[in-house]
Amino acid sequence: MRVFGRILGRVLLVAALLLAVVLAPVAYTETACRGAVAADDYAPILPEADRRAESRTFLTWPEWHIVHAYDDYAAVIAAGNPHDFGFLRSIGGFWSSLCTLNQVASGHGGATWQTKQMVYVIGVSFTAELLLKAAYEETLGRMATMIRGRAHAPLDDLSAQQAAEYARFLQQVPWYKWDFRADAAALAAGSSGVFRDRERRLALGLEYHAKAAYAGLIAAAVAGVGGDALTLRAVIGGMTPEALAAVPGVTVIGTRPEGVEVETPRYRAFTELAVLLAAEGADFVEIAGNDDIMLSVIADAPLYAGALLSLPRQGHSGTRHLLVVKVAGLADALRGLADGAARLEHVHDY
């Protein structure tokens, strides 16, 4: 019993230390990353029911940092090994960028506790996941690659493909809707039986089944409180209601003195629509009751004029730059990217 008690005590100590590590960034963000809250003097066109907090354009970034992290990871392991990925660097990038953007958001009305709570939950989950993954891949996983040799085993390539597909999925759909069990089954079916495949099937299979169980809990919680809205309203000028109605994904609500009120999908679909509408000559007058919006671009240069943040990528060339523009200047900004100095990555809606 004494031996069992010592083992249990050590397990609890390790768990407590891990909990302290993953919660420390939350405490730091709450205490050291606050800016002066300033009210926006902009008078919205859309009614209150169709408005979203402007600060959310900045606080959507943490979710997208995770999306990009999975995409970076997929690119790294497509050519290399999991231990080549900078797990700690990705965790640090999440919290350091959140610190900066939390201060910026304060100048745009500040974030609600509900928004910050969501960001902290995904941040803690992301941190814990990558710490556990790093602990394995930097030790046992690295040893398995040494035994394997330089050439990839079949499940190395399959897991890279799964990671890339997962990253693409996250651009429009919540992570907990991904079929992790199907990925685990695909690993089992694709194994050649060599040592590395057996190791990947076991290690990633356990990871996928754990994520599937956690995803089920999150899905149940979301169902209980209701998911976030999948569409938003905007006011657009430069195009007739008839022309806008002909654009797939755009629903014309009515006309206003300032322009045409429309409803569009959010997330990645909104980015694609924004590019299409700008190319058709449209101008954004207002989006979800706001006059400022953030976007990210990729450029070869490590610095970009006016960027809130410039973030290096893993597994890909170029640097990611976060910019804030006026909604009224968004279409011009998108059209201006046609010169090729930078390419649009994402328009961060609210």
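A few remarks follow.
- Of all residues in the stretch 241-270, those satisfying the criterion of being part of a strand (DSSP E or B), out of contact with any Pro (no Cβ under 6 Å at 6 or more places or on another chain) and either of a type in the set (A, V, I, L, M, F, W, C) or within 14 Å of ASP283 (Cα to Cα) (or both) are ILE253, GLY259, GLU261, VAL262.
- Flag for GLN114 being without any contact (Cβ under 8 Å) to a residue 12 or more places away in the chain, on the phi < 0 side of the Ramachandran plot and out of contact with any Pro (no Cβ under 8 Å at 6 or more places or on another chain): yes
- Within the stretch 149-226, helices (runs of 4 or more DSSP H) holding 3 or more residues that are under 24 Å from HIS65 (Cβ atoms) and modelled with pLDDT of 95 or more: 154-170, 195-225
- Filter result for LEU131 (of a type in the set (A, V, I, L, M) and in a helix (DSSP H, G or I)): yes
- Against the test of being at pLDDT below 95, in a loop (DSSP other than H, G, I, E, B) and either exposed (fewer than 12 other Cβ atoms within 10 Å of the Cβ) or touching a helix residue (DSSP H, G or I) at 6+ places or on another chain (Cβ under 9 Å) (or both), the options VAL3, VAL37 yield a single qualifying residue, VAL37.
Condition check ((1) surrounded by 16 or more Cβ atoms within 10 Å (Cβ to Cβ); (2) over 30 Å from LEU17 (Cα atoms); (3) in contact with a strand residue (DSSP E or B) (Cβ under 8 Å, 6 or more places away or on another chain); (4) outside the structural domain of TYR70 (by TED's automatic domain parsing)) across all residues:
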{"position": "TYR136", "(1), (2), (3), (4)": "yes, no, no, no"}
{"position": "LYS177", "(1), (2), (3), (4)": "no, yes, no, no"}
{"position": "ALA188", "(1), (2), (3), (4)": "no, yes, no, no"}
{"position": "LEU217", "(1), (2), (3), (4)": "no, no, no, no"}
{"position": "MET239", "(1), (2), (3), (4)": "yes, yes, yes, yes"}
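- Qualifying residue in the stretch 114-126 (condition: more than 22 Å from the chain's Cα centre (by Cα) and not in a loop (DSSP other than H, G, I, E, B)): no
- If you filter the stretch 288-339 down to residues that are basic (Lys, Arg) and in a strand (DSSP E or B), you find that the one that is farthest from ALA234 (Cα to Cα) is ARG320.
- Condition check for ASP50: buried (at least 18 other Cβ atoms within 10 Å of the Cβ) and more than 30 Å from GLY289 (Cβ to Cβ): no
The values are calculated or read from the model by the stated rules, or taken from the named source; none is laboratory data. None of these values were measured; they are calculated from a predicted model. All Cβ positions, even for glycine, are placed from backbone atoms using ideal geometry, and neighbour counts span all protein chains on display.
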